[in-house]
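To start, the structure under review is shown below, and the notes come after it.
The values are calculated or read from the model by the stated rules, or taken from the named source; none is laboratory data. Owing to the predicted nature of the structure, the values given are computational and were not obtained by experimental measurement. Neighbour counts are summed over all protein chains in view; Cβ atoms, including those assigned to glycine, are modelled from backbone coordinates with ideal geometry.
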Amino acid sequence: MPASIDFPYWCMNRYPAIVVQLLALLLPATLIAQTSASTPTDTLAWAAVDSLSVLNLDEVVVTGTGTNYLLKNAPVQTEIINAKTLESYGSATLTEILSGLIPSIDFSHSDMGTAMQMGGLGSQYILILVDGKRLMSDLGGQTNLDMVDPTRIERIEVVKGAASALYGSDAIAGVINIITKKSRDNLSIDNSTRIASYGVVNQSNAFQYKVGDWTTLTDFNLKHSDGWQNTTCEDPNRYEYPITNSVNNTSNPYLDWQIGQHLYWRQGKPLSAYVEGNYYRKDIHRPTGIPDYKTYDFRYHNTSVGAGMRWQTPQGAVLTAQMQYYMHAYYYVYTGETWAKEFLPGGKELSFPYFPGDVGLQSNQQRITTQLKGVFALPFDQRLSAGVDLHHNWLIAPHRLDEDRVDDFRAGLYLQDEWTPTRSFNLTAGARLTYHPAFGAKFTPKVSLLYKLGPVNLRATYSEGFKTPTIKELHYRYIRQMAMIVLHLGNPHLKAQTSRYISGSVEYHNPIVNVSVTGYANFLNNMITLVTIPRSEAPSDLLVSYNPNRIRQYKNMDSAKTYGADVTAKWRIYKQWTLMTSYSYLNTDALLYDDEKGEMRQVTIDGMAHHRATVGLSWSEAFLHQRYKLAVGLYGRMQSTRYYQDDGNGKPYHLWRLNTQQTIIPNENWSLDLNIGVDNLLNYYETTPHGLHYGTSTPGRTLYMTMSVHFGRAKQITPTKRSSRHAQSQEDEED
């Protein structure tokens, strides 16, 4: 829309439905305001709560150091999406929440799902945690965020930059830690149902019951979408003639569901333990027809089982131990007769059929992690964290490995010291020593400084990151026969990908305004990529067996740097009004291998956009003596052109979202939340032909409604006063 157009006139004439929708959304507020004016006491109380929760001044964060700090005292710069903001934004998918509220995070979509990017770097360099535990990623490093139920999220903490000293492999671009809700009710029942355009249905349920020291929690959630198609055209450069009747979707239909069981035991604060299990399944349907007659869909299975314990010693130290098992399996579900080929030793080709209804395993990844950690109070205002973690991975991938099953192992030892000699100064330094059979030992340090000048916080960080080679990169052996026979090989001699990260920030905060400015740079080396190698470098037995026309092998070849600045501001304008805005500038420079030309090229990283911003304006009010609450939020995301080496650039865009939340509390045990909203208010969508890059894959304007019911027989808990320089004493460390 041109900037010179008068927005109200344009909106009324081109999109009259928007006005009707806005009136429908705000009608309950009008009726309540006319029938029940809130008292000054109610207004001031609600405004005070809103100020604290939206500006995050007293939020406790844990991700930056692994220990608890008030956000304003955290030595590591941390962005937080708290419960208040999540409620105002509306219960959407995790991808919508992250992209809608944090501009430096972006997503792109493909047949197989969603890929994330943060600070210019892809999913394989981003570590995703749920309550401090890793989510399982696939062979390509993508993590399925649909495994996280958004209705169970209490808050999201984002730490940008390298954090491998504390978290180990993969934490190069940053760490996203999703903290789930912890109910202490004796009996708790939650149900949430969301319906939206394009057949979107999200259903979430949780049941918790407590008897003595034992608490059991059972949760189930289901998500469904019919998918959508923004265009029927295909990229003309890929076909001999124009295709304008394609059946390919912009987003494919899918169905996923998940069930989890959790058992907790707690004997006061000194000792607690848990056992939990989870099963997840997702099916993605791909249409078949012009131009691609697909004969199979995708299916994913995830299973996890874990156990852990926490003990606080009489001296105040906190010791934790946990073990987790994860499994991620990827299948083809055949919808038509399909002939597969396998090359046997000696070069003989074997063909065999799959029929509709058959399921073929493509890969099965499994992992066991063991973690031991201790947090100890030391003299002279110091706090020491020490830990060890062990990771055992194995992979089964028929016809894709040099053995039927391959294994991988790494071990890490880390130490971190937090020194807070005064209320104005904190020095946090740590290091990790990692051992991996492929590259031996790797030392990774980190140091962060915080200095406070009244309401101004000055922070600086230097840290290093690393990513160990994946099992696929070490042991891959795959024959692809298209126009020629191409042999893909792993490389058992790969080194770890490494990074060096520096950042500095200035933050100003008071009860009304919070502003921070951060500058950063991230330098990556030894990046792993597929490289075409001469026949002389390939094993001779494979040359005899397969006689390939082309041979590609994983090698440490690429390097890159990203640098930019982030600005975040939150302002409580007046009583119930709050404005939040963030801006992210990014530039990238990479030396990447060009497989077609067989040479290194200086390029920008695919998917980079120089400018991204988000803005949110929220209003909330309580009526009927806090029995009815209304919140309205308007949120926008703006993004400049996304650059790619091939297949065109993604277009710039701006998207707007309006959400209204009504909360009804009839008594102390029951509450009802009703979210009604419009996503993509201005009905923007792209009709870029399939095969070319999008700026955004939104289908256009969508309507949604979410109804959540909570029943809880609560147990009153008296808050304790914090007296130390840290956010909480060690006895209050998170379980």
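Of note:
- Flag for ASN522 being part of a strand (DSSP E or B), closer than 30 Å to HIS509 by Cβ and either without any contact (Cβ under 8 Å) to a residue 12 or more places away in the chain or not basic (Lys, Arg) (or both): yes
- The residues of the range 294-343 that are crowded, with 16+ Cβ neighbours inside 10 Å and not in a strand (DSSP E or B), listed by number, are LYS294, THR295, THR335.
- Among the candidates SER204, SER251, SER225, SER192, residue that is at pLDDT 95 or above and either within 26 Å of GLN117 (Cβ to Cβ) or among the hydrophobic types (A, V, I, L, M, F, W, C) (or both): SER225
- Residues in the range 393-408 that are exposed (fewer than 15 other Cβ atoms within 10 Å of the Cβ) and in a strand (DSSP E or B): 2 in all.
- Residues that are surrounded by fewer than 17 Cβ atoms within 10 Å (Cβ to Cβ), in contact with an Asp or Glu (Cβ under 9 Å, 6 or more places away or on another chain) and over 27 Å from GLN365 (Cα atoms) do occur in the range 456-468, at least one of them.
- Scanning the range 529-570 for residues that are among the charged types (D, E, K, R) and within 30 Å of SER104 (Cα to Cα) turns up LYS555, ASP558, LYS561, ASP566, LYS570.
- Strands (runs of 3 or more DSSP E) wholly inside the range 78-181 that include at least 2 residues being at pLDDT 95 or above and among the hydroxyl-bearing types (Ser, Thr, Tyr): none
- Some residue of the range 593-613 being more than 30 Å from ASN237 (Cα to Cα) and without any contact (Cβ under 8 Å) to a residue 40 or more places away in the chain: no
- Here the condition is being at pLDDT below 95 and either in a loop (DSSP other than H, G, I, E, B) or under 24 Å from the mean Cα position of the chain (by Cα) (or both); of TYR694, TYR684, it holds for TYR694 alone.
- Test: residue in the range 286-293 that is assigned to a strand (DSSP E or B) and over 18 Å from ASP226 (Cα atoms): no
- A single entry from ARG459, ARG480, ARG500 fulfils the requirement of being in a strand (DSSP E or B) and either modelled with pLDDT under 95 or within 27 Å of ASN549 (Cβ to Cβ) (or both): ARG480.
- Qualifying residue in the range 141-148 (condition: in contact (Cβ under 8 Å) with a residue 24 or more places away in the chain, in contact with a Leu (Cβ under 6 Å, 6 or more places away or on another chain) and within 24 Å of ALA321 (Cα to Cα)): yes
- Neighbours by Cβ (under 6 Å, 6+ apart or cross-chain): first from the range 364-389, farther than 18 Å from THR65 by Cβ; second among the aromatic types (Phe, Trp, Tyr) and in a strand (DSSP E or B): GLN366/TRP394; ARG367/TYR326; ILE368/TYR325
- None of LEU145, LEU139, LEU166 is under 28 Å from TRP394 (Cβ atoms) and under 14 Å from the mean Cα position of the chain (by Cα) except LEU145.
- Any hit, the range 511-520, residues being within 21 Å of TYR125 (Cα to Cα), modelled with pLDDT of 90 or more and out of contact with any Asp or Glu (no Cβ under 6 Å at 6 or more places or on another chain): yes
- When the range 594-619 is limited to residues that are among the polar types (S, T, N, Q) and within 28 Å of the chain's Cα centre (by Cα), the one that is surrounded by the fewest Cβ atoms within 10 Å (Cβ to Cβ) turns out to be THR604.
- Looking only at residues of the range 66-77 that are at negative phi and part of a loop (DSSP other than H, G, I, E, B), we find that the one that is surrounded by the most Cβ atoms within 10 Å (Cβ to Cβ) is ALA74.
- Just one of the listed residues (VAL486, VAL531) is modelled with pLDDT under 95, in contact with a strand residue (DSSP E or B) (Cβ under 8 Å, 6 or more places away or on another chain) and over 19 Å from ALA590 (Cβ atoms), and it is VAL486.
- When TYR274, TYR293, TYR325 are checked against the criterion of being among the hydroxyl-bearing types (Ser, Thr, Tyr) and under 30 Å from ASN249 (Cβ atoms), TYR293 stands alone in meeting it.
- The C-beta contact set for the range 566-589 (first residue surrounded by fewer than 17 Cβ atoms within 10 Å (Cβ to Cβ), second residue of a type outside the set (Ser, Thr, Tyr) and outside any strand (DSSP E or B), distance under 6 angstrom, 6+ apart or interchain) comprises LYS575/ALA47.
- Within the range 533-554, tally of residues that are touching a Lys or Arg at 6+ places or on another chain (Cβ under 7 Å) and exposed (fewer than 15 other Cβ atoms within 10 Å of the Cβ): 0
- Output for the range 409-443, where each listed residue is under 20 Å from ASN68 (Cα atoms), outside any strand (DSSP E or B) and not basic (Lys, Arg): SER424
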